[in-house]
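The next block holds one structure in the form of structure tokens; read it before the comments.
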Amino acid sequence: MTRRLLLLLSLTCAMAVGNIYFPQAITPLLATGLGVSPDSTALVVTATQIGYTAGIVLLVPLGDRIPHRRFLVTLLVLTGLALLAAGCAPALTPLVAAGAAVGLTTVAAQVVGPLAVGLVAPDRQGAVIGALLSGSTGGMLLARTFSGTLGEWLGWRAPYLVAAALTLLLSAVLALTVPAVPPASRQSYPALLAEPLRLLRTEPELRRSCLYQATVFAGFSAVWTCLAFLLSGPAYGLGARAVGALALVGAATMLCTPFAGRLVDRRGPDPVNLICLLGVLAAAAVLAVGARGGTTGLAALTLGTLLLDVAMQSGMVANQARVYALRPEARNRLNTAYMTCAYLGGSAGSWLGVRAWGRTGWAGVCALVALLATVALIRHLLAPRRRARRPGSDRVGSGNSADVTASAR
């Protein structure tokens with residue numbers, strides 16, 4: 001793993017994740033260009049997200065069966081062709097179908113992680129995961145700005161066509177630079193699909209990591225789902241642009257996740273998880289002040305969302321380091337189980353957040369975030385006792401990455 005290759009893999013994560021989010025910024029342009037209602041264009045975004053979830057479940061496990069280089073290049077080529085089809089779509093229905101195909105195939109970021117950690121020593125895995133997550137965060141944030149600006153200049157098709165060209169170019173570069181790594185498994189496809197559920201049953205450390213990320217991501221989703229209600233309400237009277245501007249605060253996580261990764265390498269994932277869960281609790285308290293409105297409230301929302309973003313992303317670095325160390329030969333299947341649980345938690349958090357807002361307003365949303373973080377924190381504090389009761393597993397998740405990998409083997 002050279003710095004150049006790590007930068008290239010981080011760029012791959014940025015491109016893959018950006019393909020999910022950039023359609024969100026051009027839905028008004030889609031409505032005008034295709035002559036349909038603004039509400040119906042939301043189907044493009046929804047189809048892309050549904051396709052992405054399906055891709056995690058149906059395609060990512062194949063990363064343990066197919067050589068990584070071939071698999072990554074194939075995924076990117078298919079994504080590029082799907083983006084090209086979307087950019088040439090004559091009507092909304094073909095565009096929705098192409099959007100679903102983009103989401104299904106743009107799961108390269110979930111394949112890059114297991115590949116990258118397998119190319120470095122155990123005491124560097126956390127730093128590599130942090131760098132990749134930094135790339136994913138950058139792709140998520142910059143994609144909306146890229147597509148919105150380009151769409152305003154050249155029309156809604158331009159972001160799709162430019163993204164298609166960049167994705168196909170990246171696939172050619174990866175074909176020449178990613179080292180050939182033999183597949184870790186020879187299992188059949190049906191067996192690979194069933195494996196994530198079996199791993200959830202048999203790997204307690206996987207379940208623990210899934211619980212941490214699902215609860216924290218649920219709180220994160222609840223906050224960002226209801227933030228628009230708060231900012232557009234009587235306390236602030238702001239529009240959707242204010243939410244977008246506030247989201248740019250999350251760019252700070254691009255700097256924090258590499259630091260969290262190096263801390264995981266030195267101290268292990270458990271101390272980082274503890275700091276992150278306490279950070280979520282602190283974020284909930286700060287965000288609660290945002291209900292006051294005015295300059296004080298807006299400052300609290302800015303600081304609170306920053307704390308929440310950093311805690312969520314840094315916690316993901318710790319969780320993935322723990323998960324990848326469990327079964328090196330099954331990293332893609334482990335990642336499938338982990339990411340599926342995380343996204344289910346996020347969906348549940350959005351649903352719960354809207355209901356908390358309807359009953360008790362912003363204070364209820366912040367209380368929900370604190371409650372979810374407390375559940376994870378209690379489980380975290382009980383983890384040493386549970387490991388002590390499991391013979392031979394007392395070191396997993398408690399030492400450095402090298403210790404974790406050694407004990408897992």
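Readers should treat all values here as calculations from the given coordinates under stated rules, not as data from a laboratory. Computed from a prediction, not measured in an experiment: that's the story for all the values here. Here the Cβ is made from the backbone with ideal geometry for all residues, glycine too, and neighbour counts use every protein chain on show.
Check the chain for me: any Cys whose beta-carbon has no other cysteine beta-carbon within less than 4.7 Å?
Unpaired cysteines in the chain: C13, C88, C226, C256, C276, C366.
For the chain, what's the relative contact order in percent, using C-alpha pairs closer than 8 Å and at least 6 residues apart?
Contact order relative to length: 23 percent.
If we count other beta carbons within 10 Å of each Cβ, what is the order of W351, W357, W153, fewest first?
W153, W351, W357
In debye, nearest 20: dipole of the stretch 3-177 around its Cα centre with unit charges on the Cβ of K, R (+) and D, E (-)?
Values: 8 positive and 4 negative charges, 89 e Å.
For this selection, approximately 420 debye.
Springs between alpha-carbon pairs under 10 angstrom, Gaussian network model over the chain: which of A299, A127, A143 fluctuates most?
Residue with maximal mean-square fluctuation among A299, A127, A143: A299.
Give me F259, F220, F71, F146 sorted ascending by neighbouring Cβ count inside 10 Å, so fewest comes first.
Placing the least packed residue first, the sequence is F259, F146, F71, F220.
Sort S188, S134 by Cβ crowding within 10 Å, fewest neighbours at the top.
Working: S188 10, S134 24.
Final ranking by Cβ density, sparse to dense: S188, S134.
If R0 is 35 Å, what FRET efficiency do you get for R3 and L274 from their C-beta distance, rounded to 0.05?
On the way: r = 31 Å, r/R0 = 0.87.
Result of the calculation: an efficiency of 0.70.
Run the numbers for S347 and L381: contour at 0.36 nm per residue of separation, minus the present Cα-Cα distance, in nm.
So the chain would gain 9.6 nm between S347 and L381.
Among L9, A285, L381, whose Cα projects farthest towards the positive end of the dipole of the chain, with charges put on the beta-carbon of Lys, Arg (+1) and Asp, Glu (-1)?
Checking the options against the dipole of the chain, the answer is L381.
Could you pull out every whole DSSP H run in the chain that spans at least 18 Å of Cα extent along its own axis and averages 0.0 or higher on the Kyte-Doolittle scale?
Length and hydropathy pass: 3-21, 38-58, 68-87, 92-105, 125-154, 157-177, 189-202, 204-232, 253-267, 269-288, 294-326, 362-388.
Set the Förster distance to 25 Å, then compute FRET efficiency between S188 and A54 from the Cβ-Cβ distance, nearest 0.05.
So the FRET efficiency works out to roughly 0.80.
Based on DSSP H runs of at least 4 residues, each adding -39500 (n - 2.57), what is the mean residue ellipticity at 222 nm of the chain after dividing by all its residues, to the nearest 500 deg cm²/dmol? Write out the running numbers ahead of the final one.
On the way: 17 runs with 327 residues, N = 409.
Value at 222 nm, helices only, nearest 500: -27500 deg cm²/dmol.
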